[in-house]
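Working notes, structure below.
The values are calculated or read from the model by the stated rules, or taken from the named source; none is laboratory data. Small disclaimer: the values here were computed from a predicted structure and weren't measured. Note that we place each Cβ from the backbone using ideal geometry, even for glycine, and neighbour counts take in every protein chain shown.
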Amino acid sequence: MVHSGIPEPSEKVRSLHARMTLEEKLAQLVGFWVDQGGEVVAPMADEMATSNKYEEATRHGLGHLTRVYGTRPVDPRERAEWLSAEQQRLRTQTRLGIPALVHEECLTGLAAWKAATFPTPLAWGAAFDPELVREMGAVIGRSMRQLGIHQGLAPVLDVIRDPRWGRVDECISEDPYVVGTIGTEYVRGLQSEGIDATLKHFVGYSASQSGRNHAPVHAGPREIADVLLPPFEMAIRDGGAHSVMNSYSEIDGVPVAADDTYLERLLRGEWGFDGVVVSDYFSVAFLQLMHGVAADRGEAAELALAAGVDVELPTGDAYLEPLAARIRAGLTDEAIVDRAVLRVLAQKERIGLLDDDFSFTAGDVDLDSAEHRDIARRLAEQSVVLLTNDGTLPLAAHAETTGRIALIGPNADSAEALMGCYSFANHVLAHHPDVPLGFDIPTVADAARAEWPLDELTVVAGCGVEDDDTSRIEDAVSAARAADIAIVVAGDRAGLFGRGTVGEGNDAETLELPGVQRELVERVVATGTPVVLVLLTGRPYAIDWAIRGEHAPNAVLQAFFPGEEGSAAITGILSGRVVPSGRLPVSLPRSAGAQPYSYLHPRLGGDSDVTATESEPVLPFGHGLSYTRFERTELTVDERVAAGASFTARVTVHNVGENAGSDVVQLYAHDEVASVTRPVAQLLGYARIDLQPGERAEVTFRVPTSRLAFSDRSMRKVVEPGGIQLWVGPSCAERETEARLMIEGDVHAVRPTDERLVKIEVSRSVAV
């Protein structure tokens, strides 16, 4: 029997619900976007602009206030005072006295003016540090709570399937376990401060056709079950996430927003989720406008509510008048409204909005405190990936001073280039060019001046991010010839819907660097001056020419929008003050034509002699260099384990270099024979460890065999008996130390109570 998804209502909720008119019920199921209009900060926002007056819209109460801090540059303290008064008005001047729930975007920090901007989620994945992401989630949640916000629209748990998709920078990794473990810790951090996390985008959004935003999804049920769904299940079962947002996708012709298969039967019935499902912005109306499965907004509302979408965001385009008219006409059963209202009221009661003494008073708040910046710095430093290095880096290894530095490239002196699409600066302030950022975010040029104060620094753009103008490249070439080292900072500019090169709606047909940036790099390299290429991007690009081409730079750094402390992290790595430790959370693609690609491919998904095309990436998942060397040896594994039980794997990691550093220990597996094809490599577990020169550590992985589970031919999630190859290496592609495990016994059907997480223990010893 399918779980109703409604927690047993309290007496207060039952009493409140019993008193409600239809209009009051519907008012609790919608948001109102106070500042909407003019700026495009959501898909089709201009077309969907509401004409309702705010006072009229709140006459019967209100479910959500939509992005009161995050739509326009409003002073946080002044807006908090307005919000305090508005909540008091809803309590005292509406019949039922129910305050509104306030939600905001918080993917790279609270999306509000003057708030800290952290690294983008793809950088979280590159850092491979769930605990630090939990710290970040907590400090973001604290800022939100101080401003009277209750729900955050994050994290994004979409698994990367195609780097051409514009929203890759919002995602964590191409590996579902990495997405799940890091995303779950973000949920825990945010919710530890009383902010409800909202898992996005449930489900399939990132698997869109040709990497196009809002395109159809053709994923099969096994890919959905084994790759796309696990991060959401982990964040709900292990992280206790309180809210879920539906995907815009249609899967095999059925829009998720109208499919109770996922939102009711799976999410609530199988996983036991008892929170609230909110619509992605305008996705209910899109059932009519973009999918064509509803004749009008009222029918769209019925489809969405029946499927399990409790709250329509950002406004009530479908759930108000259109739905009310259908109910009065006897076309829609009011029971589906009651189900959603009970869920919403239970959420409001849990977070205290129904308390008799509820009030919100704005106090002093620092949205970019020393704590914010410390976390931002540590996460940025851990996330930068050193892709190649012929010994040119670190620069401090060659001289006390670097000498003459040519800092070149369109991102060399740009603060916006350090931030992702959902940063407030790139999401909102791009529409307000005369408004200052409101917080400190040094550019790479600023950080270089601080890093090398005694050196001669010349800054030359050379070209724009995305235009075809080559007229300034010669200036960059001249600067490089006159320098001892040339640092070229290239990459993306995040934006939305055609504004920028990456971000929501900014999908790519090619994975070449935008504009004429490749020509800029190659001409600077041709000068003969040592060149370091720094990529500030929101997606991985096809840069085979820069990795091993005839005129490749001497070193390449990859930074995925590292946030407000990102420039200092980059220059610190260049100088040697910081030892790089980031690892690729997504394969470095060969070409756009080789997409979609995942390291989790079966044998037929890789290169072979039966095709003339190549799909293997330029650099593999998990790759990243350091300024020290690690040896990984002596992998030992239990010889046998029963299906459904857990096994132990131990490996020794030794820092054999001369510098302290951090290794990301990666344990991989391959199922030798199974009833369905299995990936050639699958990450089972990972551990970030810090080691001094000469220090050794034994890392123990306690691995539940459920990590090797998959959907069999009847779509049961099972662990099958058979041989498993295991290895540890610097990436998925290199088996530095190997072992073999035999799973024995009967096929084990995975249960909800089965352990899903790998437990890690580290013991250390210092070599004499």
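Conditions tested, residue by residue: (1) out of contact with any strand residue (DSSP E or B) (no Cβ under 6 Å at 6 or more places or on another chain); (2) farther than 29 Å from Gly605 by Cα; (3) assigned by TED's automatic domain parsing to the domain that holds Arg707.
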site: Val641; (1), (2), (3): no, yes, yes
site: Gly644; (1), (2), (3): no, no, yes
site: His654; (1), (2), (3): no, yes, yes
site: Glu658; (1), (2), (3): yes, yes, yes
site: Tyr668; (1), (2), (3): no, no, yes
site: Val673; (1), (2), (3): no, no, yes
site: Arg678; (1), (2), (3): no, no, yes
site: Gln682; (1), (2), (3): no, no, yes
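Identify the residue in the range 548-589 that is farther than 24 Å from Pro442 by Cβ and in contact with an Asp or Glu (Cβ under 6 Å, 6 or more places away or on another chain) and, among all such residues, is surrounded by the fewest Cβ atoms within 10 Å (Cβ to Cβ). Of everything passing the filter in the range 548-589, His551 is surrounded by the fewest Cβ atoms within 10 Å (Cβ to Cβ).
Quick one: would you say Ala304 is hydrophobic (A, V, I, L, M, F, W, C), under 30 Å from Tyr248 (Cα atoms) and outside the structural domain of Gly438 (by TED's automatic domain parsing)? It is true that Ala304 is hydrophobic (A, V, I, L, M, F, W, C), under 30 Å from Tyr248 (Cα atoms) and outside the structural domain of Gly438 (by TED's automatic domain parsing). Among the residues of the range 687-716, the one identified as under 23 Å from Val637 (Cβ atoms) and in contact with a helix residue (DSSP H, G or I) (Cβ under 7 Å, 6 or more places away or on another chain) is Phe710.
Residues are listed down the side, and each one gets a yes or a no for (1) surrounded by 20 or more Cβ atoms within 10 Å (Cβ to Cβ); (2) hydrophobic (A, V, I, L, M, F, W, C); (3) at negative phi:
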| position | (1), (2), (3) |
| --- | --- |
| Leu90 | no, yes, yes |
| Leu96 | no, yes, yes |
| Leu101 | yes, yes, yes |
| Glu104 | yes, no, yes |
| Ala111 | yes, yes, yes |
| Ala115 | yes, yes, yes |
| Thr120 | yes, no, yes |
| Ala123 | yes, yes, yes |
| Glu131 | no, no, yes |
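Among the residues of the range 702-749, the ones that are closer than 21 Å to Glu270 by Cα, of a type in the set (Lys, Arg) and in contact with a Lys or Arg (Cβ under 6 Å, 6 or more places away or on another chain) come to 0 in all.
Under the condition of being surrounded by fewer than 20 Cβ atoms within 10 Å (Cβ to Cβ) and closer than 18 Å to Ala412 by Cα, the residues counted in the range 483-505 number 1. So is Asp754 of a type in the set (Asp, Glu), assigned to a loop (DSSP other than H, G, I, E, B) and touching a helix residue (DSSP H, G or I) at 6+ places or on another chain (Cβ under 6 Å) or not? For Asp754, the condition - of a type in the set (Asp, Glu), assigned to a loop (DSSP other than H, G, I, E, B) and touching a helix residue (DSSP H, G or I) at 6+ places or on another chain (Cβ under 6 Å) - is met. Does Asp663 count as crowded, with 19+ Cβ neighbours inside 10 Å, among the charged types (D, E, K, R), in contact (Cβ under 8 Å) with a residue 40 or more places away in the chain and within 27 Å of Leu132 (Cα to Cα)? Spelling it out, Asp663 is indeed crowded, with 19+ Cβ neighbours inside 10 Å, among the charged types (D, E, K, R), in contact (Cβ under 8 Å) with a residue 40 or more places away in the chain and within 27 Å of Leu132 (Cα to Cα).
For the range 137-155, the set of residues classified as in contact with a Gly (Cβ under 8 Å, 6 or more places away or on another chain) and either within 22 Å of Arg590 (Cβ to Cβ) or part of a strand (DSSP E or B) (or both) consists of Gly152 only.
For Arg167, state whether it is in contact (Cβ under 8 Å) with a residue 40 or more places away in the chain, buried (at least 24 other Cβ atoms within 10 Å of the Cβ), assigned to a loop (DSSP other than H, G, I, E, B) and in contact with an Asp or Glu (Cβ under 9 Å, 6 or more places away or on another chain). The answer is no for Arg167.
Residues in the range 475-506 that are more than 18 Å from Ser423 (Cα to Cα) and in contact with a helix residue (DSSP H, G or I) (Cβ under 8 Å, 6 or more places away or on another chain): Ala476, Val477, Ala480, Ile485, Ala486, Ile487, Val488, Val489, Ala490.
Only one of the numbered conditions (1) assigned to a loop (DSSP other than H, G, I, E, B); (2) surrounded by fewer than 21 Cβ atoms within 10 Å (Cβ to Cβ); (3) in contact (Cβ under 8 Å) with a residue 60 or more places away in the chain is not met by Ala215, and that is (3).
Residues in the range 57-101 that are closer than 17 Å to Glu24 by Cα and in a helix (DSSP H, G or I): Ala57, Gln87, Arg89, Leu90, Arg91, Thr92, Gln93. Counting only helices (runs of 4 or more DSSP H) wholly contained in the range 413-517, the ones carrying 3 or more residues that are closer than 30 Å to Gly576 by Cβ and either among the hydroxyl-bearing types (Ser, Thr, Tyr) or touching a Leu at 6+ places or on another chain (Cβ under 9 Å) (or both) occupy 444-451, 473-481. Is it the case, given these coordinates, that Pro221 is within 21 Å of Ser706 (Cβ to Cβ), surrounded by fewer than 24 Cβ atoms within 10 Å (Cβ to Cβ) and not acidic (Asp, Glu)? Here the answer is yes, as Pro221 does meet what is asked.
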